[in-house]
Amino acid sequence: MLADSQSDTLNESYANISRSSAHEMAPPPHKNEGELATSRSCGSGFITSGFGFLIPLLVLIVVAFDAPIGYMLSLAFWDNTKGFTFQSYESLLEAPIYLRVLANTLGISVIVTFANVAIGYPLAHWMRSLSGRAKIIVIALVVLPFWVSVLVRTYAWIVILGNDGLVNRTLQWLGLTHTPVQFLYNAIGVTIGMTAVLLPLLVLPLYAAMVRIDDRLLRAAASLGAPPRMIFWKIYFPLTMPTLAACALLVFMFCLGFYITPAILGGGRVSMIANVLDMLINQFPNWAQASAISTILLVVMLLIFAAYRRVDQKVSAK
Amino acid sequence: MIGSSLWARSILAAIGIAGLLFLTAPLAIVIPMSFSSESVLTFPPSDLSLRWYEAFFGDTRWMDAMRTSAVLALISSIVALGLGGLAAYGLRRSSIGGRGWAEGNFLAPLFAPTIIIAVALYIGLAKVGLLGSFIGLVLAHAILNAPLCVMVLGVAIEEFDLRIEQVAWSLGASWFLTLRKVVLPVLAPSLLTSWIFAFMGSFDEVIVTSFIGGTYQTVPKMMFNQLKIEVDPTITVIATLLTTFTVLALAAVAAIRARLSKFKPFAVAQ
């Protein structure tokens, strides 16, 4: 009972997260617009219009979110001695280290996104085929890691992937290797850790989309003589494709800004954009350079997010 | 899959189970490890003891961090819930222009990369002299968690029948009275759930806290700093506690929702 409602709830609340992005800019639909108008005439102007309720959070967001972000973005264009300048951006292009970090980040992000799709799609598909108690348990097991601290989930991989860890001992026991394989403190460890952390983000919405596919559609195809493989590739897969694309974009976007897992599993040897930002802020304060990188990262993410919303809106329009 | 062979279904199940293990094995391993008696991390532990729990609870730095985390999470989640709740209500009950933009702005902290928020807050708070202050931390955590409250409560308010409020007004109740006697009781379960989410969000926050926290040590910040340097088995204890805490919080949310679905006092027949 508990597990049942829990998984439903969490799935729901999770779905809200991903769904809300679709209508976040558009005004929410009002079913009873007419009645609303009458109600408004009952009260008096400003507060009744509801706007008054927005003001406290609006003030907080503008002062403590918009203003700092704006200030940070402007820093990259400003030099105390020279005034307006593009210098921070120019030095980004000139320094090979930044380009290498960028290539590194993109490379790991692409691999993690593909790994997520490769593991997540079959997992979600398998979840759909389950029924009864097994289904509830599996959903709960996918939802739970989503809420557990990223630190805990990353830390566990140190235990699993270490030189004396589970994986290495299994490999040695099987005789596949005699010396421990180095999984940690390199790109392999970072990739594995990031994939595991981001997997629920892909699986849950994908599973929700798969559940919405009408079984009668598949049965109709089967009754017309289509072999299972054809049903999958001609009907099932195309129906899940838009959600898959949206989720993959979201995962890719989160990869670009990932900080914790690379910092821990990379052991300082795998530099991603976020870790370089950390260095620029905390080690040798270079705010202008950090601002320039942040600006670029933010613009790239906005573009990806715009693409995500486009795809996602198409999905929810169905 | 309709009509697929047993063979195909077994392969799918194998991949699915492997994927599930990939997700859950880390959590499953951490918990028994915390009861290990050894000073090096090995799984499975050869001997059980509470040694690392004693080390953890006996360490004043961890206990201080625990207190800071709890107080910070408590204050910031209340701020996030209060402001987020009001905003969610305003968003659903107003038709003023620019509402969509306001909502987009409220949800932005959820989608903007945390690292950029951290850098921006670092620079911004340094500018006004609040870097490393508790107020700075509270503001930051409130902003990070308000979006969840706006979202969870937004859904609840949308489902809430506007006519109930209209009845209250038409019977002469003031706005405040309507809010207190009608709106809040109906929304109570959702308020509680979003508060739990905001509390969890704040209690787990690492990146922003690491950047702007200064000398304030929270549990995740301390854990993160330790993990970057060395792997100390005490960490398994805090990992176990955090996991348990998450499970309990999610169970609480589930229980609230389960009661909610049975008990719908204001469901008006259409």
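The values are calculated or read from the model by the stated rules, or taken from the named source; none is laboratory data. What you are looking at is a predicted structure, and each value in this text was computed from that prediction instead of being measured. Don't worry about glycine lacking a Cβ; one is built from the backbone with ideal geometry, like all the others, and counts go over all protein chains shown. These area figures cover heavy atoms from the full protein model, side chains too; ligands, DNA and RNA do not enter into them. Shrake-Rupley method; radii C 1.70, N 1.55, O 1.52, S 1.80 Å.
Here are a few things to note about the model shown:
- Residues considered: A:Ala245, A:Ala196, A:Ala187, A:Ala222. Of these, the only one that is among the aliphatic types (A, V, I, L, M), surrounded by fewer than 20 Cβ atoms within 10 Å (Cβ to Cβ) and within 16 Å of the chain's Cα centre (by Cα) is A:Ala245.
- Enumeration of residues in region A:264-288 that are in a helix (DSSP H, G or I) and surrounded by fewer than 24 Cβ atoms within 10 Å (Cβ to Cβ): A:Asn275, A:Val276, A:Asp278, A:Met279, A:Leu280, A:Ile281, A:Asn282, A:Trp287, A:Ala288
- Some residue of region B:244-266 being within 20 Å of A:Val148 (Cα to Cα), assigned to a helix (DSSP H, G or I) and of a type in the set (S, T, N, Q): yes
- Taken over region A:126-139, the criterion of being open to solvent by 20 Å² or more (accessible area, probe 1.4 Å), under 24 Å from A:Leu218 (Cα atoms) and in contact (Cβ under 8 Å) with a residue 60 or more places away in the chain is satisfied by A:Arg128, A:Ile136.
Residue-by-condition table, conditions (1) assigned to a helix (DSSP H, G or I); (2) surrounded by fewer than 24 Cβ atoms within 10 Å (Cβ to Cβ); (3) at the interface with chain B (Cβ under 9 Å from one of its Cβ atoms):
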{"position": "A:Ala156", "(1), (2), (3)": "yes, no, yes"}
{"position": "A:Gln172", "(1), (2), (3)": "yes, yes, no"}
{"position": "A:Thr179", "(1), (2), (3)": "no, yes, no"}
{"position": "A:Met210", "(1), (2), (3)": "yes, yes, no"}
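- Matching residues, region A:298-310, being within 15 Å of the chain's Cα centre (by Cα) and either open to solvent by less than 80 Å² (accessible area, probe 1.4 Å) or among the charged types (D, E, K, R) (or both): A:Leu298, A:Val300, A:Met301, A:Ile304, A:Phe305, A:Ala306, A:Ala307, A:Tyr308, A:Arg309
- Which listed residue, of A:Ser91, A:Ser109, is of a type in the set (Ser, Thr, Tyr), part of a helix (DSSP H, G or I) and more than 20 Å from the chain's Cα centre (by Cα): A:Ser91
- One residue stands out among those in region B:189-198 that are in contact with a Leu (Cβ under 9 Å, 6 or more places away or on another chain) and more than 12 Å from chain A (Cβ to nearest Cβ): the one that is least open to solvent (accessible area, probe 1.4 Å), which is B:Ala198.
- Residue within region A:140-150 that is crowded, with 16+ Cβ neighbours inside 10 Å, more than 25 Å from B:Leu148 (Cβ to Cβ), of a type in the set (A, V, I, L, M) and under 19 Å from the mean Cα position of the chain (by Cα) present: no
- Only one of B:Lys228, B:Lys221 that is touching a residue at least 40 places away in the same chain (Cβ under 8 Å), touching a Gly at 6+ places or on another chain (Cβ under 9 Å) and not small (Gly, Ala, Ser): B:Lys221
- Of all residues in region B:66-112 being within 7 Å of chain A (Cβ to nearest Cβ) and basic (Lys, Arg), the one that is surrounded by the most Cβ atoms within 10 Å (Cβ to Cβ): B:Arg92
- For B:Val231, the conditions (1) within 28 Å of B:Ala87 (Cβ to Cβ); (2) surrounded by fewer than 18 Cβ atoms within 10 Å (Cβ to Cβ); (3) at the interface with chain A (Cβ under 10 Å from one of its Cβ atoms) are fulfilled apart from (1).
Results for (1) without any contact (Cβ under 8 Å) to a residue 40 or more places away in the chain; (2) among the basic types (Lys, Arg); (3) within 28 Å of A:Cys255 (Cα to Cα), shown as yes or no for each residue.
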site: B:Asp59; (1), (2), (3): no, no, no
site: B:Ala102; (1), (2), (3): yes, no, yes
site: B:Ile117; (1), (2), (3): no, no, yes
site: B:Val128; (1), (2), (3): yes, no, no
site: B:Ala142; (1), (2), (3): no, no, yes
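- The requirement of being under 22 Å from A:Ile61 (Cβ atoms) and either more than 8 Å from chain A (Cβ to nearest Cβ) or of a type in the set (Phe, Trp, Tyr) (or both) is fulfilled somewhere in region B:156-175, by at least one residue.
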